[in-house]
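This report concerns only the one structure given below.
The values are calculated or read from the model by the stated rules, or taken from the named source; none is laboratory data. Fair warning: this is a prediction, and the values are worked out from it, not measured in the lab. For neighbour counting, all protein chains shown are included, and Cβ atoms are generated from backbone atoms with ideal geometry for every residue, glycine included.
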Amino acid sequence: VTDGTRTEYRTCPLCEATCGLEVTLHADEVVRIRGDRDDVFSRGFICPKGSTLKHLEADPDRLRTPLIRRNGVHEPAAWDEAFQEIESRLRPIIEQHGPDAVAVYLGNPNVHSMSGVLYNRVFLKALRTRNIYSASTIDQMPKHVSAGLMFGHPDLIPVPDIDRTGYLLMLGANPYESNGSLATAPDWPGRMEAIMERGGTVVVVDPRSTRTTRAASEHVFIRPGTDPLLLFGLVNVLFADGLVDPGRLADSVEGLDAVRAAAAPFTPEAVANGCGVDADRIRRLARDLAAADTAVVYGRIGTHTAEFGTLASWLVDVLNTLTGNLDRPGGAMFPRAATEQPRDRRGFRTGRYTSRVHGLPEVRSEFPVATLADEILAPGDGRVRTLVTLAGNPVLSAPDSDTLDRALGELDFMVSLDLYLNETTRRADVILPGTPPLRRPHYDFAFTQLAVRNVANFSPAILTAEHENPDEWRILLRLAAVVAGQGRSADLDAFDDMVFATLIGRSVADPGSRVTGRSPEELFAATTGAPGPERMLDFLLRTGPYGDGYGTAPGGLTLERLRAAPHGVDLGALEPRLPSALATPNGRVDLAPKVIIDDVARLSKRLTSSGNGHLVLVGRRDLRSNNSWMHNLEVLVKGKERCTLHVHPADADRLGLDPGGMAMVVSAAGSVAAPVRVTDDIMPGVVSLPHGWGHDLDGIRLNVAATRPGVNTNRLVPAATDPLSGNAVLNGIPVEVTPT
Ligand code: SF4
């Protein structure tokens, strides 16, 4: 510290890449943010969003006090007033209609927040509703389902070992814009280029030409939504050519014959028409994949947000297994996170109960967000009457968003915890301001489980609370106390002690834990860190695989050790973990889960289809955009219009669209008018709009975003789902496009 200037280091919480930031402050004002060159994982890399935490902190539109809606206008309120309003309106609904009358929506920022990861569950447990919805059914549930069915636990997700692979086959991902997802790696572009620099190959399958496809060794155009046809074609060739070799895991894998039988009809010739990739190319890709010394198949958003999302996600790991690349360096590997706790062998299933209106199965104790509007609008017993949103903006990010927006207007009561008065929270009766990133501690529980290298990095809060606002975990505890009937004045410190003691109690009772049979009181007393998420983190680190085991492994990880390492601790490259890490009841990989094999018949009907002549709509990512919620930062949205409709020149000609003119896009769900950009970066027959825009609704307080509102592409997306995962179908939407 000199002249009141200090430098702090922390992990960027904005996306999954977990880059290290160097933050320079002067008298509690952020002066500069740049990449932390000494960060053990990111080595100085950041994207344009990383430095904007400074602008987010200073944004005058960011909420700093609770708001209560009175006569249609959101007015500032004191915290106690806000909780009094919540208690007086929420409790009677629970008492009269039961907890299922209250739905909860968990937005994506929760997985980037210690409080979100650790305390949402306390709130949900206190509420005991079945009406839980989240951003997971917008873009990633297929991976959880396929991983759960194959490996026994929905979080046991293999990630591409991109730092050691010789061949990467990537579908539906654009890490040059998104920085990677379900595969945490700062500087994906640099790591991808390193594959080719060491003589390897990167093949990207995408209906669009992107910065990622242009950087790759090869780009394969594919018809949107047909990834499983191509993937099945590859599986078919591996069997037909005798190239199947699961290697070291051969004795730990079951279901090979069922996969062979399921793949039999999907010959390259049979799938070529449907997916738009010719048969010879499919054969060559399969043979290259099998021949590579190390190879990995990785699929992301484009494969998951489609009609056959779970099938596609499953086939990705089938291919990794059949080629002997599952769980080996350079293949698809399972991270060992520093806070990982033992998993039981109960296995994974879905559909333990179903949704009221459409009978959709629960998946991971959630219902598809695509059905939330119907659960609110359809009359009858069990109707959702109240919604609590914890971050997120489903009015922009969920399918059939016009209907959802209308449904929110029908609620009896709505509460939101959020940084902004946005398109969703404008419907709330009470809005509680979330804690901005620099004012809260940070540890990436979720993304260390998905990282391509084992690392641990703790970031203390570097600014104190503003206006003495409570931390988010205290807000969540108070909400939990209210819904549980303990009242808004409950003793939160005692409540938190009880929550922490319960965590310890479960651990000492678990025969697989590192502290089995130890004294809970002794562990409670020995834990360091402030009450709330910090001491829970200390406990989870110390009982995790690298932890000090509360004295049994001196020198092991503790919160104190992470505090002393502001650039993070490198725990090494990923190591093989199977079969011992499997959580299936029989301890083997189930390559052919019955519910997945049963779904193949649905795909078979697509074999002969080459589309019905409709244009189809796909989404796209932008490096300067983060889903729906960073469009109020001038530094990110200035410059050229980003929310444009990409159209191939041949389609533009045929439809009479002028470059720079406007087009009306109409689907079965709705319509939007968007500026046209004619580009051969997109396949003929496909058009693209980015998601997260549409900041033109009344009642929001996003003054910068409102000047460049863009259009909400989810107004065009019907409320359809992938039946196995409940994931929204956001890609491959049939549309009509006309000039306006
Ligand atoms: S890539 Fe993601 S984690 Fe890294 S600086 Fe950008 S937003 Fe932050």
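Of all residues in region 189-203, at least one satisfies being without any contact (Cβ under 8 Å) to a residue 12 or more places away in the chain and either touching a strand residue (DSSP E or B) at 6+ places or on another chain (Cβ under 8 Å) or outside any strand (DSSP E or B) (or both). If you go through region 90-98 one residue at a time, do you hit one that is farther than 30 Å from Arg364 by Cβ and crowded, with 21+ Cβ neighbours inside 10 Å? Scanning region 90-98 turns up no residue that is farther than 30 Å from Arg364 by Cβ and crowded, with 21+ Cβ neighbours inside 10 Å. Only one of the listed residues (Gly180, Gly152, Gly166) is crowded, with 22+ Cβ neighbours inside 10 Å, among the small types (Gly, Ala, Ser), over 23 Å from Ala370 (Cα atoms) and more than 16 Å from the ligand (Cβ to nearest atom). That residue is Gly152.
Being farther than 30 Å from Gly330 by Cβ, free of Cβ contacts under 8 Å to residues at least 24 places away in the same chain and crowded, with 19+ Cβ neighbours inside 10 Å narrows it down to one residue among Asp496, Asp491, Asp538; which is it? From the options Asp496, Asp491, Asp538, the qualifying one is Asp538. Being farther than 27 Å from Gly148 by Cα and modelled with pLDDT under 95 is a property that Gly302 lacks. Output yes when any residue across region 664-677 is loosely packed, with under 15 Cβ neighbours inside 10 Å and closer than 30 Å to Glu16 by Cα, and no when none is. Looking through region 664-677, none of the residues is loosely packed, with under 15 Cβ neighbours inside 10 Å and closer than 30 Å to Glu16 by Cα. Within region 194-203, can one find any residue that is of a type outside the set (A, V, I, L, M) and under 20 Å from the mean Cα position of the chain (by Cα)? No; the residues of region 194-203 include none that is of a type outside the set (A, V, I, L, M) and under 20 Å from the mean Cα position of the chain (by Cα). Of all residues in region 116-127, none satisfies being surrounded by fewer than 20 Cβ atoms within 10 Å (Cβ to Cβ), within 16 Å of the ligand (Cβ to nearest atom) and in contact (Cβ under 8 Å) with a residue 24 or more places away in the chain.
Within region 14-30, residues that are within 20 Å of Ala183 (Cα to Cα) sit with their Cβ atoms under 6 Å from residues that are of a type in the set (D, E, K, R) and surrounded by 24 or more Cβ atoms within 10 Å (Cβ to Cβ), at 6+ positions apart or across chains, in these pairs: Thr18/Asp444; Gly20/Asp36; Gly20/Asp39; Leu21/Arg10; Leu21/Asp36.
Flag: Asp405 matches the condition of being part of a helix (DSSP H, G or I), charged (D, E, K, R) and within 23 Å of the chain's Cα centre (by Cα). A single entry from Arg164, Arg223, Arg248 fulfils the requirement of being in a helix (DSSP H, G or I) and of a type in the set (Lys, Arg): Arg248. The criterion of at least 2 residues that are touching a residue at least 24 places away in the same chain (Cβ under 8 Å) and within 20 Å of Val618 (Cβ to Cβ) is met by the following helices (runs of 4 or more DSSP H) wholly inside region 268-361: 268-275, 301-304, 309-322. Taking each residue of region 60-83 that is surrounded by fewer than 16 Cβ atoms within 10 Å (Cβ to Cβ) and looking for partners that are of a type outside the set (Val, Ile, Thr) and not in a helix (DSSP H, G or I) with beta-carbon atoms closer than 6 Å, six or more apart or interchain, yields Arg64/Pro433.
Regarding Gly382, is this residue in contact with a helix residue (DSSP H, G or I) (Cβ under 7 Å, 6 or more places away or on another chain), in a loop (DSSP other than H, G, I, E, B) and within 22 Å of Gly692 (Cβ to Cβ)? No, not satisfied. Of the residues making up region 487-528, those that are in a helix (DSSP H, G or I), among the small types (Gly, Ala, Ser) and over 29 Å from the mean Cα position of the chain (by Cα) are Ala494, Ala501, Gly505, Ala509, Ala525, Ala526. Within region 6-60, the set of residues being near the ligand (Cβ under 10 Å from one of its atoms), of a type in the set (A, V, I, L, M), out of contact with any Phe, Trp or Tyr (no Cβ under 8 Å at 6 or more places or on another chain) and assigned to a loop (DSSP other than H, G, I, E, B) comprises Leu14, Ile46.
Against the test of being of a type in the set (A, V, I, L, M, F, W, C), within 20 Å of the chain's Cα centre (by Cα) and within 22 Å of His144 (Cα to Cα), the options Val388, Val369, Val395 yield a single qualifying residue, Val369. Say whether the condition of being surrounded by fewer than 18 Cβ atoms within 10 Å (Cβ to Cβ), of a type in the set (D, E, K, R) and over 20 Å from Ala669 (Cα atoms) is met by at least one residue in region 348-361. Yes, region 348-361 contains at least one residue that is surrounded by fewer than 18 Cβ atoms within 10 Å (Cβ to Cβ), of a type in the set (D, E, K, R) and over 20 Å from Ala669 (Cα atoms). Would you confirm whether or not region 419-440 contains a residue that is touching a residue at least 24 places away in the same chain (Cβ under 8 Å), within 24 Å of Asp155 (Cβ to Cβ), out of contact with any Lys or Arg (no Cβ under 8 Å at 6 or more places or on another chain) and part of a strand (DSSP E or B)? No, the conditions are met nowhere in region 419-440. Filtered by the rule that a residue be assigned to a helix (DSSP H, G or I) and polar (S, T, N, Q), region 226-245 gives a lone residue, Asn236.
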